[in-house]
Amino acid sequence: MVAACAAADLTGNWLLATPNGDGTMRRTYFHLKQQGDRITGTIRATLHLYSIDKSTGGPANFSVSAAMPILGSERRVTYRGKLAGDELQLVEVNATGPGPAMIAHRVPEGEGALPARIEPPPLHPVRDNGLARTPPMGWNSWNKFANRIDDATVRGIADAMALNGMRDAGYVYVNIDDTWEGERDAHGNIQPNRKFPDMKALADYVHSKGMKLGIYSSPGPDTCEGYEGSYGHEQQDARTYAAWGIDYLKYDWCGAFTRYKDSEMQAVYQKMGDALLASGRDIVFSLCQYGLVDVWKWAPAVGGNLWRTGGDISDSWDSVSRIGFSQERFFPYASPGHWNDPDMLEIGNGHMTDTEYRTHMSLWSMLAAPLIAGNDVRNMSASIHDILTNREVIAIDQDKAGHQAKRVWQSGQQEVWSRKLADGDTAVAVFNRASGDARVTFRWADAGIPKAPACVRDLWRHTEHQTGPEYSAEVPGHGVILLRVH
Ligand code: GLA
């Protein structure tokens with residue numbers, strides 16, 4: 001009788017492990033305590049640590065709901081389940097209903113617990129690495145491939161970029177985003193997973209094409225996709241990246257939420273900034289923490305070359321225009337070596353029109369934003385290719401002076417942005433954010449150009465035309481006219 005009761009208790013540490021298909025597992029730990037008909041404890045699902053605050057039922061049929069605070073709001077998970085012998089049978093219940101049946105097994109107490117807290121270092125300025133004097137250009141796997149990225153795809157992308165003119169137009173970084181990570185070896189060295197059999201060989205290959213290789217990690221124990229992060233291994237990982245021949249690191253806050261407070265972010269990023277410098281290799285340092293705690297004010301001090309100014313982009317006009325047109329307040333922080341990053345390009349991913357993608361490219365170039373393509377460049381239409389490789393537009397982005405554009409004129413949904421270029425020219429972008437075509441007419445003087453130019457160059461049409469004291473043109477819905485003014 002007593003034994004049967006004990007066996008039917010949910011109390012314990014349970015692991016739900018699902019294969020990721022690359023030799024790694026997605027692990028969720030249910031650390032449960034049953035007291036009568038009440039269940040308490042935690043659920044650690046990859047980077048998320050939830051506390052159970054609601055429960056009903058018992059071993060034969062229970063439900064638990066658990067919450068975690070994140071980014072000023074709450075994230076919640078709900079599971080239903082029952083104990084069947086040694087197995088905990090579970091389904092996750094979300095807004096769309098119950099998910100597939102899953103089985104968790106008992107594991108030793110302590111397994112899956114968060115690693116001990118490591119105090120962040122005191123602040124000090126990290127020396128400028130001298131890299132990224134113009135905004136970094138390249139490609140990243142996330143927007144198109146997410147967790148379906150592997151060695152063969154990266155090689156194929158590098159081949160394509162070397163042949164299709166992208167490399168020669170300046171896109172030199174080929175960056176692997178999340179899900180390349182495997183487990184650490186007995187000495188704590190990070191290993192790639194099965195999708196990346198030999199990272200050094202891959203770096204050698206990309207270098208042989210005249211390009212550079214980028215990689216991704218998190219200062220937390222887990223990345224956003226629940227893979228191994230750099231927590232407690234910062235110097236070791238920087239040395240590993242250098243030994244592999246890595247040239248760029250995107251360092252994504254993600255699982256760091258479970259170990260550090262927002263106020264510790266600067267010190268935590270500084271730790272990797274120091275580690276990259278100490279590695280002895282030139283590695284561009286890309287901060288990804290969604291624009292929290294005014295990162296633009298301190299990213300250069302931690303050795304950062306670029307920093308995300310907000311949340312993730314998606315392939316829609318709404319996302320691109322919302323992000324792009326809200327970047328003006330960051331303009332004082334852009335300078336050679338240090339760039340605001342409104343996130344990677346979605347050009348060519350299929351859910352916008354060519355007109356909208358031209359606006360995306362123009363706006364990012366006006367913003368002196370990193371140009372990190374996010375489409376399948378092995379297989380793109382001629383028009384997408386031409387948008388990504390328009391050299392006159394790229395020259396605006398890559399202008400040596402590094403001045404980020406400001407909005408100089410606005411009337412309803414029509415806006416003019418301008419930026420001063422190193423040779424004394426001015427880049428002027430005339431945007432129509434409305435869905436229908438619009439005639440835009442403004443006086444040069446009102447757009448911050450006191451002396452009306454005689455002649456302007458249209459960087460998409462590759463033509464020059466004359467103007468008077470005012471500029472007037474028909475701009476398509478969601479479209480742009482991008483001008484270079486002498
Ligand atoms: C975060 C980042 C994205 C991407 C994913 C990968 O959401 O902001 O750019 O790196 O993580 O998991």
Which ones in segment 205-222 are crowded, with 24+ Cβ neighbours inside 10 Å and either modelled with pLDDT under 95 or not in a loop (DSSP other than H, G, I, E, B) (or both)?
-> 206, 213, 214, 215, 216, 217, 222
Could you tell me whether any residue of segment 333-350 is out of contact with any Leu (no Cβ under 8 Å at 6 or more places or on another chain) and in a helix (DSSP H, G or I)?
-> yes
Has segment 388-407 got at least one residue that is farther than 15 Å from residue 363 by Cα, in contact (Cβ under 8 Å) with a residue 60 or more places away in the chain, in contact with a Lys or Arg (Cβ under 6 Å, 6 or more places away or on another chain) and open to solvent by 50 Å² or more (accessible area, probe 1.4 Å)?
-> no
Can you tell me which residue within segment 56-80, out of those that are under 38 Å from the mean Cα position of the chain (by Cα) and at positive phi, is modelled with the highest pLDDT?
-> 72
Of the residues in segment 163-177, those that are open to solvent by 10 Å² or more (accessible area, probe 1.4 Å), under 21 Å from the mean Cα position of the chain (by Cα) and away from the ligand (no atom under 16 Å from the Cβ) number 2
Of all residues making up segment 250-270, the number that are polar (S, T, N, Q) and either touching a strand residue (DSSP E or B) at 6+ places or on another chain (Cβ under 6 Å) or within 12 Å of the ligand (Cβ to nearest atom) (or both) = 1
Where in segment 398-471 are there strands (runs of 3 or more DSSP E), lying fully within it, with 1 or more residues that are closer than 28 Å to residue 169 by Cα?
-> 406-411, 414-420, 426-432, 455-458, 463-466
Condition met for residue 150 (within 16 Å of the ligand (Cβ to nearest atom) and over 30 Å from residue 367 (Cα atoms)) = yes
Residues that are touching a helix residue (DSSP H, G or I) at 6+ places or on another chain (Cβ under 7 Å), crowded, with 21+ Cβ neighbours inside 10 Å and among the aromatic types (Phe, Trp, Tyr), drawn from segment 331-363 | 357
What single numbered condition from (1) over 30 Å from residue 363 (Cα atoms); (2) touching a Ser or Thr at 6+ places or on another chain (Cβ under 8 Å); (3) within 16 Å of the ligand (Cβ to nearest atom) fails to hold for residue 180?
-> (2)
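Only one of 268, 293 is among the β-branched types (Val, Ile, Thr) and surrounded by fewer than 20 Cβ atoms within 10 Å (Cβ to Cβ). Can you tell me which?
Numbers: 268 fails: surrounded by fewer than 20 Cβ atoms within 10 Å (Cβ to Cβ).
None of the others qualify; the one that does is 293.
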If we keep just the residues of segment 117-133 that are crowded, with 19+ Cβ neighbours inside 10 Å and closer than 28 Å to residue 403 by Cα, which is nearest to the ligand (Cβ to nearest atom)?
-> 132
Of everything in segment 271-290 that's within 16 Å of the ligand (Cβ to nearest atom) and touching a residue at least 60 places away in the same chain (Cβ under 8 Å), which residue is surrounded by the fewest Cβ atoms within 10 Å (Cβ to Cβ)?
-> 290
Selection over segment 445-486 where residues are modelled with pLDDT under 95 and open to solvent by less than 40 Å² (accessible area, probe 1.4 Å) yields a count of 5
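Taking the criterion of being out of contact with any Ser or Thr (no Cβ under 8 Å at 6 or more places or on another chain), open to solvent by 60 Å² or more (accessible area, probe 1.4 Å) and either at pLDDT below 95 or closer than 21 Å to residue 339 by Cα (or both), would at least one residue in segment 414-430 satisfy it? Quick ask: steps written out before the conclusion?
First pass over segment 414-430, keeping only residues out of contact with any Ser or Thr (no Cβ under 8 Å at 6 or more places or on another chain): 414-417, 421-425, 430.
Then drop every residue that is not open to solvent by 60 Å² or more (accessible area, probe 1.4 Å), which leaves 422-423.
Pick out the ones that are also either at pLDDT below 95 or closer than 21 Å to residue 339 by Cα (or both) and you get 422-423.
Yes, there is a match, as at least one residue in segment 414-430 is out of contact with any Ser or Thr (no Cβ under 8 Å at 6 or more places or on another chain), open to solvent by 60 Å² or more (accessible area, probe 1.4 Å) and either at pLDDT below 95 or closer than 21 Å to residue 339 by Cα (or both).
The values are calculated or read from the model by the stated rules, or taken from the named source; none is laboratory data. Because the structure is a prediction, the values reported are computed rather than measured. For neighbour counting, all protein chains shown are included, and Cβ atoms are generated from backbone atoms with ideal geometry for every residue, glycine included. In case anyone asks, the SASA skips ligands and DNA or RNA and just uses the protein heavy atoms, side chains included. Shrake-Rupley method; radii C 1.70, N 1.55, O 1.52, S 1.80 Å.
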